[in-house]
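Take a look at the structure below.
No value in this document is a laboratory result; all are computed from the given coordinates. Since the structure is predicted, the reported quantities are computational estimates derived from the model, not experimental observations. Because the Cβ atoms are built from the backbone with ideal geometry, glycine has one as well, and the counts that use them run over all protein chains shown.
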Amino acid sequence: MSEQSGTPAAPPASFGGADRSGSAMLVDQSGLGSRQARKGGVVSTVGPIFRAANGWVSRYFASLLVIMIVLAIALTGVQHGASLMGEQIKNALVLGAIYALVAIGYTMVYGIIELINFAHGDVFTASGFYAVFIASVLHLDSLATGSFGGLLLALAIVFPLSMLAAGITGVVIEFVAYRRLRDAPRLAPLITAIGVSFLIEGILLVFEGPDNVTTHQASWINGQAFAIGGVSIGYTDLFVVGMALLLMFALGTFVRRTRLGKAMRSTAQDRTAALLCGININRTISATFFIGSALAAAAAIIYSINYGVLKWNIGFHLGIIAFTAAVLGGIGNIVGAGVGGFLIGMIYVFGGSIFGGEWSESLIFAVLVLILTFRPVGLFGVEVTTRA
Amino acid sequence: MRELLVSLLRSEPAQGQRTKGTSVFWILSGTASGLLLMGWLLPWFVNAYSAGVGYSAQDVTVSPPTGVGTVLIYILAVTMVVLVVSPLAEVLVPRLRGRRFGRTADRIRLIAALAGLALTAVIWLLVSVIQEEPLFGSMGPGTFTDSAVWLTMYGYALAALVYGARPWVVGRQTLAFGVAVLPFGLFLPLMFHQAPDFLLWAAGSLAIYMLLALGLNVVVGFAGLLDLGYAAFFAIGAYACASFASPIHSIHLPLWVLIFVGAAIASTFGAILGAPTLRLRGDYLAIVTLGFGEIIPDLATNNVFNLTGGPNGISGIDQPKWGFLDFGASPRWYYWSLLLVSIAVVVLFRNIERSRVGRAWVALREDEVAAASTGINTTTTKLLAFAIGASVSGLAGAFYGSLVSIVSPDDFSFSVSIAVLSIIVLGGIGNIVGVILGSFILTFVIFWVLPNMNQWSTTLSQTVHVPALANIDFTSYTYIIYGIALILMMLLRPGGLLPSRARRIELESTVEGESLAAVQGVA
């Protein structure tokens, strides 16, 4: 019996560039094999059971997860009443929108150069501070809180500028830290990525201090839009989710319809072949980093508008959570990252409301371990449709 | 199991170790002049350090050696050291191996070491009896002054003992020993004199970081599995110590039991973490271990099952007291124990690196499929790496808990894992000697240079009248230093400062297999 029995055999080609070399196989085939069963009495009985469970869990992972989330929502509704449940669903959607935007950055970079860009979460934090800086330099606060037109203008200024700055940051990071290591053993760029992450955190710590920084953007979009059965939906919530969906839609269109998007997809599939077709690999990868970081910047602005605080190290945990979302959706899969982001938002919020808020992050990390153990190809597995 | 134990204890010579030829003259004279210089610089070092960590000048006063007799003793000490470090030369200069520095030389060194020890004792007695000002300056056995002289005497007497006994203890592990023991020797006289506790603390934390780095080196360096949650095992060891030797559960076990308990629990967790992640590839493994490393402090913070004391942690951890060995009175006994444990760990890891298991790790690291096809049991081999790596971390954790007497979840954050990773990346992934060097450099920078920079910049700001300089808190630059160290090392010298040969070939594979690289990953 093959250890792979349960996992629907994902053809390597369904993963961005995963088939380029033997070492790049997502799941190595030499793990819990029959050799282990031969070894000792205990293992020989546990092994098959584990494999069977593994296969079953792996096959129905998506359904199990959705059932659990629905159960958690229902449980919250029963315990705390419908209005709190609605409130929590709203919170989960808002949080999920942020995770989704950050997760897309992870998934695009992983899809194209197979690197967990640990610095991505910190690019998120940094771009939040860019936005604060831009807003304070251009005195956008008074503009944004003055009138509705002023608010729109302020948003129209702060979003593109911060996204541009973040995108440049991402491109610079790729150029300085990753480009030269593209052909190095896998461990090298990974360690550099951690280094970049720590470097950014350190710079933010030195310049922004160790405490929470209040972002005035919190007061930009105010007021209650409407209420559904006791749950008040604010303009902020609408804006957050709407903006996230809009950006994701724009990205999807970009990747599907434009030449550069096509170049990204082909580079992700097979870098060598893309090169042979005349695609400028370096520029394509830079563009990927630019877009991923710009989306992280959008997420950071949304975050600071919604929560009103930034801190030098929020990006680290947020990054891991967003990465979990990317893994959940199947890494390399943009739509998957979006869906995964919202699912993780649900798990975070409802896990917190059931087990207590202090367990939310542990729960996410546990989910991460479970996904990677049972279904490393992510929820959608083989049925990957759009990739970058 | 038996095979593992045997491989831990039996040393095998390194295969085909080539080293660059360096003149033995340069090594010996370099060592000698370095030591002489250090003897005079160390007082400044100690003073500056004490200033850096906030001790006032009255607490610690160290002066360079004075008096004719002192200088004579000092030169004697240096001569002895030069004799003793000749094994280093032996390792560095291959053509001397087995000739002038052979077995006879080993015997000579042992005799020299014993004589040196005896001589040290005699001088120590003489100084304490005579106490003549013109001859010995202000030096006396009970004072911390002139520590440099005593430092060299004691430190290298111990080094000499280890070197001298080398052929009987282990095979050819001279360099590892040298690097492991020599810098410890620097701190050694502090044990006998009224050394300020902060120096002992620094030495203790250095030793703990070194142990952690040695353990992580097994996982990352030998087996090539990137573990980003290594602090979790450290936490497990520390919490094991805290739980079984503090008032919190009214259990009081002695430390020497607890280090094994901590190691055992940590290695169990290592294997538990390893089991589900066996099938994962390098970077996924990294992120899973990272998640694990975040969960463990979270569990401690949330006071799971009321075991861990919540965010405040567990305080009042026992500090052993066996007769005059009062660990609570001074950190010096921790330092001694840590020194012994570090040496033991270095020896054991050196052995296991060259054993069948160690070679299996290397094979696994280089090519897992090929390793499996040659009959290596990848499952047990990987789990073994995780378990052994974690056990040392647990052991260090138990020491840490007992040393600081309070553990709290904040002590085991991600930055600890990264600090340890930076150490091995800086020193040389997979190379024990490099890892030891890295731990010295990094702890030196983090615990000495950065605190001192605050002091220096304050002084400088008064001199040049730039008040802004005084306000810079250089200790907050720690993250930047880790980050830059990781990036620069990977970009410029991926093997670390002292790269292991196999690792260097692996990391610079473009040089070795140009055509292969061209085929596999164009652009």
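Summary of computed values
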quantity: C-alpha center-to-center spacing [segment B:199-266, segment A:142-204] in angstrom; calculated: 37
quantity: Cβ-Cβ FRET estimate between A:Gln79 and A:Ser147, R0 fixed at 51 Å, reported to 0.05; calculated: 0.75
quantity: Built amide H within the under 5 Å cut-off of A:Val309, gap 5+; calculated: A:Thr215
quantity: Whole-Hz ³J(HN,Hα) from phi, Karplus 6.51 cos²θ - 1.76 cosθ + 1.60, for segment B:443-451, glycine and proline x; calculated: 5, 4, 5, 6, 8, 10, 5, 5, x
quantity: Long-range HN-HN contacts of B:Asn303 with modeled amide H, under 5 Å; calculated: B:Gly310
quantity: Residue-averaged beta-carbon neighbours from other chains (10 angstrom radius) around B:273-280; calculated: 6
quantity: Residues of segment B:235-268 with amide N under 15 Å of the 7 Å Cα→Cβ point at B:Trp336; calculated: B:256
quantity: Segment B:202-413 - percent relative contact order, Cα under 8 Å, separation 6 or more; calculated: 44
quantity: Debye, to nearest 20: dipole size of segment B:202-413, +1 on Lys, Arg Cβ, -1 on Asp, Glu Cβ; calculated: 560
quantity: Selection from B:Leu307, B:Gly229, B:Gly270 lying farthest towards where the dipole of segment B:202-413 points positive, charges on Cβ; calculated: B:Gly270
quantity: Average other protein chain Cβ within 10 Å of Cβ, residues B:469-476; calculated: 2
quantity: Peptide A:363-372, shielding by other chains (average Cβ, 10 Å cutoff); calculated: 5
quantity: Relative packing of B:464-474, A:94-104, which averages over residues the other C-beta atoms within 10 Å, highest first; calculated: A:94-104, B:464-474
quantity: Three-way shape call for segment B:275-402 based on the alpha-carbon gyration tensor, with the a/c threshold at 1.5; calculated: oblate
quantity: Karplus (6.51, -1.76, 1.60) ³J(HN,Hα), θ = phi - 60°, over segment A:188-201, in Hz, Gly and Pro reported as x; calculated: 5, x, 4, 5, 4, 4, 4, x, 4, 4, 5, 4, 5, 4
quantity: Inter-label distance for B:Lys321 and B:Ser250, nm, one decimal - labels placed 7 Å from Cα along Cα-to-Cβ; calculated: 2.1
quantity: In order through segment B:366-379: 3J(HN,Hα) via Karplus (6.51 cos²θ - 1.76 cosθ + 1.60), integer Hz, x for Gly, Pro; calculated: 6, 7, 5, 5, 4, 4, 4, 6, 8, x, 7, 7, 5, 4
quantity: Where labels lie 7 Å past Cα in the beta-carbon direction, separation of B:Thr268 and B:Arg356 in nm; calculated: 2.8
quantity: Peptides ranked, highest mean first, by Cβ atoms within 10 Å: ranges A:154-164, B:298-308, A:206-216, B:270-280; calculated: B:270-280, A:154-164, B:298-308, A:206-216
quantity: Label-to-label distance, nm, for residues given as A:Asp183 and A:Ile67 (7 Å Cα→Cβ offset); calculated: 5.0
quantity: For peptides B:202-210, B:367-375, B:334-342, sequence by mean Cβ density within 10 Å, most packed first; calculated: B:202-210, B:334-342, B:367-375
